[in-house]
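In what follows, a single structure is set out as structure tokens and then discussed.
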């Protein structure tokens, strides 16, 4: 499709392990990974001037999902004994080892090299829900995560009761050697959910298709530390827009930016990626948490203004369109293309492409785009430019 890199291949990028020496809890670590690409244009890795986010929408915004009624009902957790949810019949039970109520909201059984803990009302935020595998438990919405920062020898099933709170079932082997199959641990969460239902508190849970984060539509797959109130699903754009008229429209309506890239992203990476708008940008998010693409179409800046502080900065030709490519933050690849075939002329098509870790398995590192994936990014840029600028 004309988007191949120049002869000689793409330079190998050094792995930057220092990025991961961040103290800590997994959710903080993952937020550090996601933030550089997701932030608005006020902190671009290239050092070029970027405008502040826009606030306007063409139509009244869809209200955010609300869980205030559920939060008011959280007191019903006080009526539940966590030890009642701890079914240990399948665990090794050395003589004298019993379930222990650590608090009114937590119960633990530890013995024979295994432990199982139930916690009522612990937190599972938006980002962690994106990173966790989503799978119903006993007919209600639930998430699982295999492993944690201490190693692969654990599995956690989380059953939401509000947008932030869950009933958590955590199994540990007591060893950091060997994986734990979350599918084999699921039965403990299923038994706990059924116990809650039998006690008359089944209304605490979410149906499998019920929103459980404060986000509209596919914005549930997009995270910002300050919340995603400004995130909206793509609402369409005039398909007749071309050339300078298109860039001018994109400057006023961020949905136009999505339209520029939508067909090419679907052709090269699949239709599972969904466009959403936030800040001044369009993002393509994936329900399986494998990619996050930020795209822009902008009339005000020239491609050669970008990449001054990036790594591996190069000038390439993508389908006959000159472009600047470079690596920004770790595992982030940027392309700034000139639709006018002049890198010094104002007007850009831009993509920041980041691979993500998928869902359901904890990772304390990051993966980089493969050369084949980079080729797809180049191909979609060439395809987008050709479709809208000829």
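The values are calculated or read from the model by the stated rules, or taken from the named source; none is laboratory data. Remember, it's a predicted structure, so these values are computed and weren't measured experimentally. Glycine gets a Cβ as well: all are built from the backbone with ideal geometry, and neighbour counts include every protein chain shown.
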Residue 381 vs (1) part of a helix (DSSP H, G or I); (2) surrounded by fewer than 21 Cβ atoms within 10 Å (Cβ to Cβ): all pass except (2)
Which residues, taken from the stretch 302-314, are out of contact with any strand residue (DSSP E or B) (no Cβ under 6 Å at 6 or more places or on another chain) and at pLDDT 95 or above? 302, 304, 305
With the checklist (1) part of a strand (DSSP E or B); (2) touching a helix residue (DSSP H, G or I) at 6+ places or on another chain (Cβ under 8 Å); (3) surrounded by fewer than 20 Cβ atoms within 10 Å (Cβ to Cβ) in hand, flag the one item residue 300 doesn't pass. (1)
Limited to the stretch 257-273, what total is found for residues that are in contact with a strand residue (DSSP E or B) (Cβ under 8 Å, 6 or more places away or on another chain) and crowded, with 21+ Cβ neighbours inside 10 Å? 7
Subset of the stretch 115-141 (residues that are within 15 Å of residue 171 (Cα to Cα) and surrounded by fewer than 18 Cβ atoms within 10 Å (Cβ to Cβ)): 115
